[in-house]
Structures are given as structure tokens and as C-alpha cells.
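Everything below concerns the one structure shown next.
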Amino acid sequence: MQSAQTIQQCIQTCQQISAQLRNMANTEPDPMAKNKLIEGAHHLALCIEECNFSLQQIQSGMA
């Protein structure tokens, strides 16, 4: 189950970074930079979703 723990830790780190990017975007005056920060947070959200799927597969014994 070591891989499940590793994935969960990665998910938590990505969630923290995504939140940081959104916070940065909220204070960014440059619209283009703000958009890129939001886009980065969105990409991390997609990665988190895929990692959650992998984690569920591992935990259910299907991987």
C-alpha cells in the first residue's frame, strides 16, 4: 500500500500548490499573469482528479 500513500501525499501537495496559485491569482493585477495562474491551478485540478482515480483503483485492488 506504499504506492497509495505516495499518491495521497502527492495529491495533498498538488492541492496546496493549486490553492497557492489561486491565491496568487486573486492578488495579481496583470490580467494575463492572473489568467496563467488560474490556468495552472486548473491543470493541477485535472491532475488531482486523475490521481484520485488511480488511488481508488489501487485501494479497490483493481490496479
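Annotations for the structure displayed:
- The helix-only estimate of mean residue ellipticity at 222 nm for the chain, built from DSSP H runs of length n ≥ 4 each weighted as -39500 (n - 2.57), is -31500 deg cm²/dmol after division by the residue total.
- One chain, two ends: residue 12 and residue 42. Fully extended at 0.36 nm per residue, the span grows by 9.3 nm beyond their Cα-Cα distance.
- Note on the chain: Kirkwood hydrodynamic radius from all Cα pairs is 12.6 Å, rounded to one decimal.
- Relative to the dominant Cα principal axis of the chain, helix 2-27 is inclined by about 10°.
- Nearest-ten-degree value, helix 31-59 long axis tilted from longest Cα axis of the chain: 10 degrees
The numbers here are math on the coordinates, done by the rules we state, and not lab data. Model, not experiment: these values are computed from the prediction.
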